[in-house]
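Take a look at the structure below.
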Amino acid sequence: MNLPVIQAERLEKSFDGQAVLDGLDLAIAPGQIVGLLGTNGSGKTTLIKCLLGLLRPTAGVCRVFGEDAWDMSPATKSRLGYVPQEAELLPWMTVQQMCDYTGAFYKHWRADDVQSLICQWQLSPDQRTGALSVGQRQKLGVILALGHHPDLLVLDEPVASLDPSARRQFLSTLIDRVEVEQNTILFSTHITSDLERIASHVAILRAGKLAWFGPLDELKDGCKRLRLYFADGAPTDLDLPGLVRWDRHQNHAVVTVASFDQGLLDALHRRWNCDVRVEDMNLEEIFLEWSGAAEVPSTVATEVGS
Amino acid sequence: MTVQPSQFEIHPSSGIPIYRQIIDQVQALIVGGHLHDGQMLPSVRAMATELGVNPMTISKAYARLEADGVVERVRGKGMRILRPAVDGSAAQRLKQLYPSVESAIVRGRQLGLSDKQILDLIRKVLRENPL
């Protein structure tokens with residue numbers, strides 16, 4: 001197994017005694033494209049900042065290419081590209097000046113590449129960055145992070161302000177890079193359809209921990225919604241392996257499980273002799289199930305009618 | 001005439017993983033007579049770029065097709081279709097078709113159609129798609 005590119009071990013981060021990250025473990029291997037999902041305020045940005053050494057963990061440790069993130073060498077930093085939620089630009093510089101200025105910090109800056117991205121993404125080199133729209137600023141932020149061809153690219157909500165065609169352009173640039181250079185990407189987003197196109201892995205952040213981390217295909221193959229129909233009333237207790245959440249009704253139950261397979265189906269038949277309908281779920285639905293789920297599965301208040 | 005990436009229709013937001021959609025569509029193209037043995041699949045790169053999906057996803061689909069004996073890897077050239085994928089006994093193949101037919105019938109009943117109406121529709125669709 002290759003050394004993880006980026007890693008968190010028992011990471012904790014609190015603000016004013018309020019825990020945002022609560023003993024989180026994560027290890028991203030080279031070549032993985034990881035989409036980070038979480039509701040607003042779940043700590044995606046905090047996690048990203050801790051991973052990159054921009055915030056000091058309350059406890060635990062983060063490593064980038066094996067080095068402590070809080071104390072990274074310049075050589076390691078030069079292998080990183082980071083796009084913050086709001087690109088930090090110097091408003092008096094033009095797009096071109098901003099690129100040249102950023103490039104001056106890097107040994108292996110590819111000015112020609114940057115030039116063609118500016119052109120492809122329809123930015124005008126002579127415009128002052130202070131006059132750019134939010135979407136244009138975001139584009140420039142991405143270009144600045146790609147200019148030195150980083151081995152690890154970390155993006156915090158990179159596409160939130162981009163229009164659909166700009167998003168597709170952005171995705172295809174990433175896809176090109178990944179194909180040719182095998183680099184590693186971590187990005188947070190709310191737009192699950194983008195994530196579904198390019199992510200190899202998904203991390204779902206909930207209650208300060210990763211509720212799920214693994215290959216996207218495995219998540220889609222395994223995470224299913226089951227409708228169980230019971231001949232003589234739904235049981236009050238349903239302990240299934242990998243249960244995400246369930247709603248109990250009189251004679252049926254709607255159940256979400258993380259890893260559905262034939263074994264589980266057989267077990268359901270054996271134990272409750274129930275009729276089972278299996279539904280596929282897309283990432284958005286899966287995300288809603290995970291993020292809406294309480295730690296302990298709760299039953300809906302249908303008892304009244306029974 | 002070889003198959004183009006644009007002949008594939010990918011729904012990233014479907015509940016079915018993209019690699020499976022590609023596998024299913026390659027098999028459908030073969031069954032439908034649009035892909036013959038000896039023809040090549042588009043390159044991983046062409047597929048990834050055209051469909052806007054992660055190249056690893058395409059590679060995975062191709063690797064599965066190779067493992068299933070649908071295509072073979074030709075060094076330096078790509079993936080070549082092996083033979084029409086008619087595998088297994090008739091009973092096994094019928095079993096594969098069963099869920100699709102079942103869900104169509106359930107849907108038909110939901111729409112309040114009679115058994116005869118459903119059967120007539122199936123016959124009509126069969127007529128419209130000659131072998």
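The values are calculated or read from the model by the stated rules, or taken from the named source; none is laboratory data. This structure is a prediction, so every number in the text was calculated from the model and none was measured. Methodologically, a virtual Cβ is constructed for each residue, glycine included, from the backbone with ideal geometry; neighbour enumeration extends over all protein chains shown. To get the accessible areas, we keep the full protein, side chains included, count just its heavy atoms, and leave off ligands, DNA and RNA. Shrake-Rupley method; radii C 1.70, N 1.55, O 1.52, S 1.80 Å.
Residues in region A:211-220 that are more than 9 Å from every other protein chain (Cβ to nearest Cβ) and open to solvent by less than 10 Å² (accessible area, probe 1.4 Å): A:G214 alone.
Every residue, every condition in (1) surrounded by fewer than 17 Cβ atoms within 10 Å (Cβ to Cβ); (2) over 30 Å from B:I10 (Cα atoms), yes or no:
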{"position": "A:G233", "(1), (2)": "yes, yes"}
{"position": "A:P241", "(1), (2)": "yes, yes"}
{"position": "A:W246", "(1), (2)": "no, yes"}
{"position": "A:N251", "(1), (2)": "yes, yes"}
{"position": "A:F260", "(1), (2)": "no, no"}
{"position": "A:L265", "(1), (2)": "yes, no"}
{"position": "A:R270", "(1), (2)": "yes, yes"}
{"position": "A:D275", "(1), (2)": "yes, yes"}
{"position": "A:V278", "(1), (2)": "yes, no"}
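If you filter region A:130-162 down to residues that are within 23 Å of A:P4 (Cα to Cα) and charged (D, E, K, R), you find that the one that is most open to solvent (accessible area, probe 1.4 Å) is A:D151. Scanning region B:73-82 for residues that are without any contact (Cβ under 8 Å) to a residue 40 or more places away in the chain and open to solvent by 60 Å² or more (accessible area, probe 1.4 Å) yields a count of 4. Pull up region A:163-177, narrow it to residues that are in contact with a Gly (Cβ under 8 Å, 6 or more places away or on another chain) and within 14 Å of A:I191 (Cβ to Cβ), then point me to the one that is most open to solvent (accessible area, probe 1.4 Å). Once the filter is applied, the top-ranked residue is A:R168. Put simply, of A:G242, A:G208 the only residue that is on the phi > 0 side of the Ramachandran plot and either hydrophobic (A, V, I, L, M, F, W, C) or not assigned by the TED database to the domain that holds A:K13 (or both) is A:G242.
A:G208 falls short on exactly one of the conditions (1) surrounded by fewer than 19 Cβ atoms within 10 Å (Cβ to Cβ); (2) within 25 Å of A:A69 (Cα to Cα), and that condition is (1). A:E295 passes every criterion in (1) at pLDDT 85 or above; (2) among the charged types (D, E, K, R); (3) open to solvent by 40 Å² or more (accessible area, probe 1.4 Å) apart from (1).
What do you reckon, is A:V34 β-branched (V, I, T), outside any helix (DSSP H, G or I), crowded, with 19+ Cβ neighbours inside 10 Å and in contact with a Leu (Cβ under 8 Å, 6 or more places away or on another chain)? It is true that A:V34 is β-branched (V, I, T), outside any helix (DSSP H, G or I), crowded, with 19+ Cβ neighbours inside 10 Å and in contact with a Leu (Cβ under 8 Å, 6 or more places away or on another chain).
Looking across region B:23-61, the residues that are within 13 Å of the chain's Cα centre (by Cα), surrounded by 15 or more Cβ atoms within 10 Å (Cβ to Cβ) and within 14 Å of chain A (Cβ to nearest Cβ) come down to B:I23, B:A61.
The strands (runs of 3 or more DSSP E) found entirely in region A:191-272 that carry 3 or more residues being of a type in the set (A, V, I, L, M) and closer than 25 Å to B:V53 by Cα are A:201-206. Of the residues making up region B:32-60, those that are under 18 Å from B:P17 (Cα atoms) and assigned to a loop (DSSP other than H, G, I, E, B) are B:G52, B:V53, B:N54.
For region A:162-185, the criterion of being out of contact with any Phe, Trp or Tyr (no Cβ under 7 Å at 6 or more places or on another chain) and over 28 Å from B:R20 (Cα atoms) is met by at least one residue.
With respect to (1) under 22 Å from B:A48 (Cβ atoms); (2) open to solvent by 60 Å² or more (accessible area, probe 1.4 Å), the lone exception for A:C119 is condition (1). Among residues of region A:53-65 that are under 11 Å from A:E12 (Cα atoms), none has a beta-carbon under 6 Å from a residue that is in a loop (DSSP other than H, G, I, E, B) and open to solvent by 50 Å² or more (accessible area, probe 1.4 Å) at least six positions away or on a different chain. Scan A:R245, A:R227 and give me the residue that is more than 9 Å from chain B (Cβ to nearest Cβ), in contact with a Pro (Cβ under 8 Å, 6 or more places away or on another chain) and over 21 Å from A:P30 (Cβ atoms). Exactly one residue qualifies, and that residue is A:R245. For the residues B:I105, B:I16, the requirement of being outside any helix (DSSP H, G or I), closer than 23 Å to A:E279 by Cβ and modelled with pLDDT of 85 or more singles out B:I16.
Condition check for B:V86 on (1) exposed (fewer than 12 other Cβ atoms within 10 Å of the Cβ); (2) among the hydrophobic types (A, V, I, L, M, F, W, C); (3) modelled with pLDDT of 85 or more: one failure, at (3). Between a first residue in region B:1-27 that is on the phi > 0 side of the Ramachandran plot and a second residue that is open to solvent by less than 20 Å² (accessible area, probe 1.4 Å) and acidic (D, E), which pairs have beta carbons less than 6 Å apart while being 6 or more apart in sequence or on different chains? Correct list of pairs: empty, since none qualify.
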